[in-house]
1. Find which of GLY126, ASN8, LEU352 sits farthest along the positive direction of the dipole of the chain, computed with +1 on the beta-carbon of Lys and Arg, -1 on that of Asp and Glu, about the Cα centre.
2. Pop a pseudo-label 7 angstrom from the Cα along the beta-carbon direction at both LEU378 and LEU214 and give the gap in nm to one decimal.
3. If DNA, RNA and ligands are ignored and the probe is 1.4 Å, what is the ranking of ARG70, ARG399 by accessible area, most exposed first?
4. I'd like the Karplus ³J(HN,Hα) series for the stretch 114-119: coefficients 6.51, -1.76, 1.60, θ = phi - 60°, whole numbers in Hz, and an x wherever there's a Gly or Pro.
5. Tell me the angle of helix 130-159 to the major Cα principal axis of the chain, expressed in degrees between 0 and 90 and rounded to the nearest ten.
6. Taking the Cα atoms of the stretch 1-148, what is the range of coordinates along each of the three principal axes, in descending order and whole Å?
7. With axes computed from alpha carbons, what is the tilt in degrees of helix 283-300 against the longest principal axis of the chain, rounded to the nearest 10 within 0 to 90?
8. Please list 183-189, 62-68 highest first by mean number of surrounding beta-carbon atoms within 10 Å per residue.
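The values are calculated or read from the model by the stated rules, or taken from the named source; none is laboratory data. Predicted model only: the values in this text are computed from it and were never measured. Cβ placement follows ideal geometry from the backbone for every residue including glycine, while neighbour counts extend to all protein chains displayed. Areas reflect the complete protein model, heavy atoms only, side chains present, ligands, DNA and RNA absent. Shrake-Rupley method; radii C 1.70, N 1.55, O 1.52, S 1.80 Å.
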Amino acid sequence: MTDVAGPNRSLDLLNFFLADVRDGLGPYLAIYLLTVQHWNEADIGLVMTLAGLAGIAAQVPAGALVDGTRYKRAVVIVAALLVTVGSLTLPWLNSFTVVAVLQSAVGAAGAVFPPAIAAITLGMLGPRAFVRRVGRNESFNHAGNAVAALLAGLAAYAFGPIAVFWLMTAMALCSIAATAGIPANAIDHAVARGLHGADHGGDRETPSGLRVILGCRPLLIFGGCAALFHFANAAMLPLVGQKLAMKDPALGTSLMSFCIVAAQLVMVPMAMLVGARADRWGRKPLLLAAFLVLPVRGILYTLSDNSAWLVGVQLLDGVGAGLFGALFPLVVADLTEGTGRFNVSQGAIATLQGIGASLSTAAAGQMVVREGYSAAFLMLAGAAGVALLLAALLLPETRNVGTAEAGEDDMASADAAKAASEA
């Protein structure tokens, strides 16, 4: 058997360093455009929507590419370079049209990362170890986000918002080095697409996931819930960042970093919880917890404009997004097991998520301009409440009972062995 200790460490580092690269400038874009370029909220929301639409268009092709290619590491490296170059040009090319085009390119390139990381993980470790490894992936990803956000806040305080661009460049170079540290022969490409080692020669001829999605009712329900979740979630942090920036433009980026750090630190144990308990407890209870937190968070944002309060409420994002992010590939893997459509199906569900997220920033920006920030937060909280109801009433438990029981048997055997050794 191939020794996976070295590739595992490289996968840890890849998730850590890619955390600051996979979303481009993310919420920092809104603050940069608001405080440095002096754009209004509606234009900021429109640019972020266009970037989201480009990401949506790329999701299914990205999943099909990851399913079909044997050069998954190269795909990650090229995408990281595209995201970095597209973001680094913003300080010099900042007209509305140019920014919209650049961020659209960044959004399309970023669509590659989630299915590629999931596929590399599944191909390296197989389905039995996938649940725990996904939790570990997300833990390193959130830790990377927290460290990057903390460094961004300190650098922005010392050198201004432009420092965020250079930090992302350094993280991108490190992520490329980590990707190169994963040996090509460590990835079983049949397993990586959900075939679990079966012959998949014919399956390569039709990589589209459309029939899988249309023929699987639970997958459609999950896609709808995911779209509503991201509609409710995507605009919340940018809106909080804008409120913080308006109160103190000089500290806007730094305070945004503190918000991100606070949430990411909570996401780490949430991801670990999914990895440790998703097989025993099932996916649905953890999903419902993620959906429940979001409307509560939206309502709490309306109660005070105090900076400490806003950062404190942002901790709830760590619970909701931390649980959902770790559960997403598990649920899709459950529902597509043995089909060879794992990554295409991830891309298809991510398309629905992207639609929700893109509409979120545009709708919230318009609502802020017309009715104010509190109305925007309540609108987002209402959408989150609908997602919670749909998940509770219509989404079944997706856990593979056999896999769960095998996992419990493995843990029981380990406990027995430990007890025997202690005796």
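1. Of the listed residues, the answer is LEU352.
2. Output for this residue pair reads 4.1 nm.
3. Descending order: ARG70, ARG399.
4. Each residue of the stretch 114-119 in turn: x, x, 5, 5, 4, 5 Hz.
5. Helix 130-159 and the main axis of the chain meet at about 20 degrees.
6. 57, 32, 23
7. Taking the Cα atoms of the chain, the angle to 283-300 is about 10 degrees.
8. Answer by packing, highest mean first, reads 62-68, 183-189.
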